[in-house]
Amino acid sequence: MNMSEHSQKYHVVVIGAGSTGAAVAHDLALRGFKVTVLERGEIASGTTGRNHCLLHSGGRYCVKDQESAVECIEENMILRKIMPEAMELNGGLFVAVNDEDMAYKQSFIEGCEATGIPYKELNASEARRREPYLSEKTLGAVWVPDGVFEPMRMCMSFLASAKQNGAMVRPYVEVTGLQVEDQRVVAVEVWDRISGEESVIHADLVVNAAGPWAGMITDMAGVDVPVVATPGVMVSMTGRYCQLVVNRLNVSSDGDIVVPQRETSIIGTSSWTVEDADYIEMPEDHIQMMYDRGSEMMPILREVEPRGIFAVARPLIGRIGEDEREIARTFKCFDHADRDGVEGFVTIAGGKTTTARAMAEGTVDVVCAKLDLEIPCATKETQLLSYRAYYTI
Amino acid sequence: MTWQLTFKVARYKPGEPPRTDTFQIELDPERTILDGVEKIWAEQDRTLTFRHACHHASCGSCAIMANDVEVLPCIVEVNQVTRNGGTIEVGPLHNFPVVSDLVVDMGTFFERMQQVGMPIIGPTDPLDNQPKDDFHAYENCIECGICLSACPVVATDPTYLGPAALAAAYRQYHNSDDSEEKQRIMNLVDRENGIWRCHVAYECTAACPSNVDPAGKIMGLRRQATVNRVRKLFGLKPA
Ligand SMILES: Cc1cc2nc3c(=O)[nH]c(=O)nc-3n(C[C@H](O)[C@H](O)[C@H](O)COP(=O)(O)OP(=O)(O)OC[C@H]3O[C@@H](n4cnc5c(N)ncnc54)[C@H](O)[C@@H]3O)c2cc1C
Ligand code: SF4
């Protein structure tokens, strides 16, 4: 039996066109669903577009959060095959600049081995030959397959492929309400920010991929998800001072990574929580911390001019008041039928842009199970279209 | 410390006459024009639409006119264009159809970039082969459209391929070792609405925020086209 004949009957509405919503739309369309994506702003105008652009190898999590590390390296290896046009596969270094960092090296390497991250040890002079702007205090480094992506183009690539498979993508359309009948979400109320028109879109199922705004969407159905908006500051410097991603070889902390992208070096990041992620006021001391901490690894970053300073909020799963760094970085798919007795409504939150494809696979598996369909996921093997096709399809 | 600023924003919605709205906002002078626009949307007017993603001049989506010059508002601090109590005027790029407020239609632009087909990030996989030390995977062009907005020829001839696509064609021509691909690119650009339409105003090169030098590349393609013609006379393949 051709299951996609069955999935075609169902209209799934995806709220949000960040990396999560874009990947979910692609997976749904590939499995034959009728899909509409609603995004209140431009594609990737939420958290995704403004993130640190790191295609994680998993190195940053391999000691303290091995579940996330495994997710990262698996997805890293998949994305580099299906989406080459939106990423630079330059690799990354974890660099030790003091004895404490060197003492951490053993646990880091054990972490890489336990989670399957390929690595290579470099001594100080090898590391500085690769990256001449590394601090003179460099004691050693470990190479891992980090990469750098263009988050907006990644989303466009997912959405171009979704459109090719029939999905409708509607930017500048904001969801203002959910219609619930007999404990089931049956329609989405929207406001078109271009025409000013308000309308109602019928949905057999709604996937809430609104990132740090996920809680505002669940409120519309009278349910609640524990998603905390947890911003971080990044400073993009004028000039590219490393070819590889430069991470601090130590427990994750503020300002411990420099991502080279195009002709810039982006220092990041920090972490605090906010109630409202629409406009994020950046704490001055967080910006200063980026220069201070970033220059411990690459002293030149103290001497050059900043180009762009920005902040954006992670949609982390947890509760306000919990220590932000302790909240797990992995994702979670909430089926509101099990949790809150509301049918036809799923929220996907947490995770990373690097793991968007896996998040989508998990979510669409839940969607299929809810509709009693068995359609295998094919996104691992499906080459994505060029991001430019987003505009030409 | 914050400044009191006036933002004059060009507004347009389909079916309505264009107008200008004035907003008063308080902003740290080190924040950018884009921060100002986002703050207006967040705190004062949810109908305001604008394109943006990376906020560090890599994605190219936020390009607009500010005080009548093309800018990437994400990297222009307000103190670079005004003073405390001053005014900033923002509007959509020129020479693109306006969709809504600061949002322009990039469809034709991306269609032409796709025709040329230059990847902005080259294939790189250090797992397969180690990149060279001076390795640069990124092309400079961020596909922002600023050069088209600044170009006096695009303003009068919408069929003109435009500086960004021609600059990409130059790179694609020289990156390729394949004579068929070179010929395809030449066929695309060596025509009336291609390289020969340019008036050599160099406005594109002056406006480009990413040092692509489209005008220089267009001149390069013209020389190449001429050389290829001469070679053809002698029965030689394109160089
Ligand atoms: C500082 C920082 C740095 C990071 N760096 C990295 C990194 O280097 N690598 C990595 O892999 N991950 C990184 N992440 C994590 C990653 O960016 C996020 O996990 C991911 O972008 C979340 O994507 P999303 O689609 O869930 O959310 P979003 O991108 O926020 O998408 C949600 C979308 O929903 C839209 N929306 C909201 N409300 C409505 C509504 N009512 N109607 C319609 N649409 C609506 C929003 O406009 C938004 O576009 C970083 C995160 C932060 C905060
Ligand atoms: S050539 Fe320069 S101005 Fe033109 S689109 Fe590319 S980056 Fe923008």
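Derivation of every value follows stated rules applied to the coordinates shown; laboratory data play no part. What you are looking at is a predicted structure, and each value in this text was computed from that prediction instead of being measured. Here Cβ is always computed from backbone atoms with ideal geometry, including for glycine, and neighbour counts include all displayed protein chains.
Straight-line reach from A:Lys380: taking Cα to Cα under 23 Å and skipping same-chain neighbours fewer than 8 places apart, the lysines in range are A:Lys34, A:Lys81, A:Lys163, A:Lys332, A:Lys352, A:Lys370. When the Debye formula is applied to the Cα atoms of the protein assembly as shown, each taken as the same point scatterer, what base-10 log of I(q)/I(0) results at q = 0.09, 0.10 Å⁻¹? The calculated log intensity ratios at q = 0.09, 0.10 Å⁻¹ are -0.75, -0.93.
Pull up the cross-link candidates among the aspartates and glutamates for B:Lys182, meaning alpha carbon to alpha carbon under 19 Å and not fewer than 8 places away within one chain. Straight-line reach from B:Lys182, under 19 Å: B:Glu139, B:Asp190, B:Glu192.
Its Cα gyration tensor gives the stretch A:42-92 an equivalent ellipsoid, and the semi-axes of that ellipsoid, as √(5λ) in whole Å with the largest first, are 20, 15, 10.
What is the packing order of peptides B:222-231, A:130-139, taking the mean over residues of other C-beta atoms within 10 Å and listing the highest first?
Details: B:222-231: 14.2, A:130-139: 17.5.
So the peptides B:222-231, A:130-139, ranked by packing, come out A:130-139, B:222-231.
Going by average Cβ neighbours within 10 Å, how do the peptides B:167-176, A:206-215 rank, with the highest at the top?
On the way: B:167-176: 21.3, A:206-215: 26.9.
Descending packing order for the listed peptides: A:206-215, B:167-176.
Look at the stretch A:163-173: the mean tally of other chain Cβ atoms within 10 Å of its residues' Cβ atoms is 1.
Counts of other chain beta carbons within 10 angstrom of each beta carbon in peptide A:40-51 average 5.
Okay, helix-only estimate at 222 nm for chain A: each DSSP H run of n ≥ 4 adds -39500 (n - 2.57), divide by all residues, round to 500 deg cm²/dmol; what do you get? Write out the running numbers ahead of the final one.
Numbers: 11 runs with 115 residues, N = 393.
So the helix-based figure for chain A works out to -8500 deg cm²/dmol.
Counting Cβ atoms of other protein chains within 10 Å of each residue's Cβ and taking the mean over peptide A:253-261 gives 1.
Rounded to the nearest whole angstrom, the semi-axes of the ellipsoid equivalent to the stretch A:241-280, taken from the Cα gyration tensor as √(5λ), stand at 24, 15, 5, largest first.
If you restrict to DSSP beta bridges whose two residues both lie in the protein assembly as shown, what percentage is antiparallel, to the nearest 5? Walk me through the numbers on the way to the answer.
Details: 73 of 99 bridges.
Around 75 percent antiparallel, to the nearest 5.
Let me test this: with uniform point scatterers at the alpha carbons of chain B, what is the Debye-based log₁₀ I(q)/I(0) at q = 0.10 1/Å? One equal scatterer on each Cα of chain B leads to -0.56. Structural size metrics of the stretch B:107-233, computed from C-alpha coordinates, are Rg and Dmax of 15.2, 49 Å.
Work out the P(r) tail for the stretch B:3-104: percent of alpha carbon pairs separated by more than 16 Å, whole number. It would help to have the intermediate numbers written out before the result.
Numbers: 2695 of 5151 pairs.
The calculated P(r) of the stretch B:3-104 puts 52 percent of pairs beyond 16 Å.
The aspartates and glutamates within cross-link reach of A:Lys9, meaning a Cα-to-Cα straight distance under 19 Å and a gap of 8 or more places when in the same chain, are A:Asp27, A:Asp204, A:Glu343, A:Asp365, A:Asp372, A:Glu374.
At an R0 of 41 angstrom, the distance between the Cβ atoms of A:Arg129 and A:Glu374 translates into a FRET efficiency of 0.15.
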